[in-house]
1. Once amide H atoms are built 1.01 Å from N in the peptide plane, which residues 5 or more positions from A:Ile40, or in another chain, come under 5 Å H to H?
2. Whole-Hz Karplus ³J(HN,Hα) for the range B:264-272, in order, using 6.51 cos²θ - 1.76 cosθ + 1.60 and θ = phi - 60°, x for Gly and Pro?
3. Would you work out the relative contact order for chain A, in percent, from Cα pairs under 8 angstrom that are 6 or more residues apart?
4. What is the distance in Å between the Cα centroid of the range B:79-149 and that of the range A:188-253?
5. Relative contact order (percent) for chain B, with alpha-carbon contacts under 8 angstrom and 6 or more residues of separation?
6. Could you work out, residue by residue across A:19-25, how many beta carbons of other chains sit within 10 Å of that residue's beta carbon, and then give the average as an integer?
7. How big is the dipole moment of the protein assembly as shown about its Cα centre under a simple scheme where the beta carbon of each Lys and Arg is +1, that of each Asp and Glu is -1, and everything else is neutral? Debye, nearest 20, please.
8. For the protein assembly as shown, give the share of DSSP beta bridges that are antiparallel, in percent and rounded to the nearest 5; count only bridges with both residues there.
Amino acid sequence: MKRAGIAIVYLESIIGQYSLDHQQEELNRQSVSHRISPPIEPRIRLLYNPELRSRNNIIPGLISIIMMVIAALLTSLTVVRERETGTMEQLISTPLKPSELIVGKLIPYFTLGYIDLVMVYLMGEYVFQVPFRGSLLLMFIIAGIFLIGALSVGFLISVIATNQFFATQLALLGTFLPAFLLSGFVFPISNMPDILQVLTYLVPPRHFVQILRSIYLKGVGIEALLVPVVVLALFAVLVTSLASRKLRKTIEV
Amino acid sequence: MRHKNSNPDTVMPSGRNIVNPDQKDRAAFLESIRRIRFLIRKEFIQIVRNRQNLGLLLIAPLIQLFVFGFASRLDVKDVALVITDLDRSATSRRVIDAFSRSGYFKIVAILNSYDDVDHYLERNKASMAVLIPPDLERLVKGHQTAQVAVLVDGVDTTTAGTVSGYAQGILMRVSEEIMAERINSMQGILYNSATPKLIIPVILDASRSWFNPNLNSKDFFVPGVVVLILLALSTILTSSVIVREKEIGTIEQLMVTPITRLELILGKTIPCFLIELITLSVVTPMAFVIFDIPFRGSILFFLFTFMVFLMTASGVGMTISAFCKTQQQAVLTSFMFLQPAVLLSGYAFPIENMPLVIQYVTYLNPLMYFITIIRGVFLKGIGWEILWPQVLIMGLMGIAYIGIAAVLLKKRVD
């Protein structure tokens, strides 16, 4: 479909050019061409990624997908696994506080997420040669905010779920698939129906993909990214507090 | 056994021990079926008795179908466009009109300075900018050529190419219109005698695509969405039911029962398979109802190939479960399979555009064959006569995976 669409666009512009040439020839023949030149000449320029190399677009997006998988999908099993194998009671009987439990459970995945970020960044830099025009520090800070939100989503799922199968399916439905399909990673958001477009604002990877692409290819600083960063931070705070409240409830009951 | 009994050289055992070997085989077979049946019942109860699971198994595929069916579009429409009009003349309005009437663009702002455009492009408020120079009308009226610059955000490569093509086309059309007017107005001056009309040939736009005439990306993607939903379900479901026993430690209990390895695998996967079939029979009609996609092929062929595909996907799940000790490992490993499988299937990214090495890798991807089959069945109405190689390869892959799983599972348990 896409191939056909692009092929048609190319063909149309070739045919259009031919048509223009033909007109020009005809006008020449009728010797009026010195009086006629095309009134408007389009000058098209592609910014940020002039050769339209799709890897420049995919690699930054991929960072967000991979971090979402590590952060949300893997953490979605942490608490429910303890419950399913029956070790949750042992954990509760220790003097561990809920907040300590959350931090202890999430730090390994937080570290893993960062390791993956570094790996993808290095691959992008040296293997795929994706230009990086922005600030590396900025990317790492924003990635941390994104990770906290994503980890909390996984943790929340884990607290709600009663078995691991449910947890993975819910994590898949609630985190991975939106990250893949509603983030603008593959499918342009402007094409979606309006309801879905509104829904994409609730999907953290949508903001993160936009941030990553802007930092990578447009080289913008924090001043241009303020809105998406604030959204990510709000999301992180909201979900973290929700998850810890839920956890406290399950432990007390 | 049969061979030994029929050998005349061996000493015949006492009459009481002689059992018809056929009967014995049948009895063993029936016993095996019985064991599998018990296991299936146990699995079913385990999956379905949990209210959470049941709800999710019923609702999740529908949400997925709905959201992802609508999200998967690559047509270009409503691209955010910002225009800097320094001319503010009739001609510049004409250009702006042409963009807004085309249906592909949504004009978010009309600005008074070129520099303001950066703000919109950098903050992703617009993905295209049209810059109209201050002397547009003067140049056009003076029969000269005015340059109109179009800046396209190249970050989103999927749309940037198409969008710049559209922009070029729109501007060229405006230009042609103005030229035609100009020529018409010159008719009298140039040719007041012999040839009253100047003939300008216009070559018609004659593009037409086959099979999906409106280039409806919905028709192209929705069948794929159905496939992805079931792929994820079957791989993860199958891998987690087996690994679950290992993780909780009940696999030893199963091993001391007279159940054989193959019976265990069958008993574990048949319930999953049934659940997947139920999901399929709910999701497919819904896909037709919600998205109004055409179905040009044979339902029977569709169902048959889908079952082959589910077998292959379950086979992958089984192989994964043989390697993993915890469900977390199983899920992550499933992802290591699912993600490349989806990306290298031709579902979203055309395989022809991939590097040659990667193109060879796609031949190992069962999903690649099935996406080809499904699109063929839905959109082209082709069946067995053209798609048999794909079906055959996919089926063989499935059998191979199940075989690998059976061998590996034995080693691990021993």
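1. Under 5 Å from the amide H of A:Ile40: B:Ala146.
2. So the Karplus estimates, Gly and Pro as x, are 4, 4, 5, x, 7, 8, 4, x, 4 Hz.
3. On the way: 252 pairs, mean separation 71.2, N = 253.
Once normalised by length, the contact order is 28 percent.
4. Computed from Cα coordinates, the inter-centre distance equals 33 Å.
5. Details: 451 pairs, mean separation 69.6, N = 414.
Reported as a whole number, the value is 17 percent.
6. Values: counts 8, 6, 1, 4, 8, 1, 1.
Averaged over the peptide's residues, the number is 4.
7. So the magnitude is around 1880 debye.
8. Of the beta bridges lying entirely in the protein assembly as shown, close to 15 percent run antiparallel.
We did not get these values from a lab; they are worked out from the coordinates using the rules stated. It should be emphasised that the depicted structure is a prediction, and the values quoted were computed from it without experimental measurement. Please note: Cβ atoms are built from the backbone with ideal geometry, for glycine as well, and neighbour counts cover all protein chains shown.
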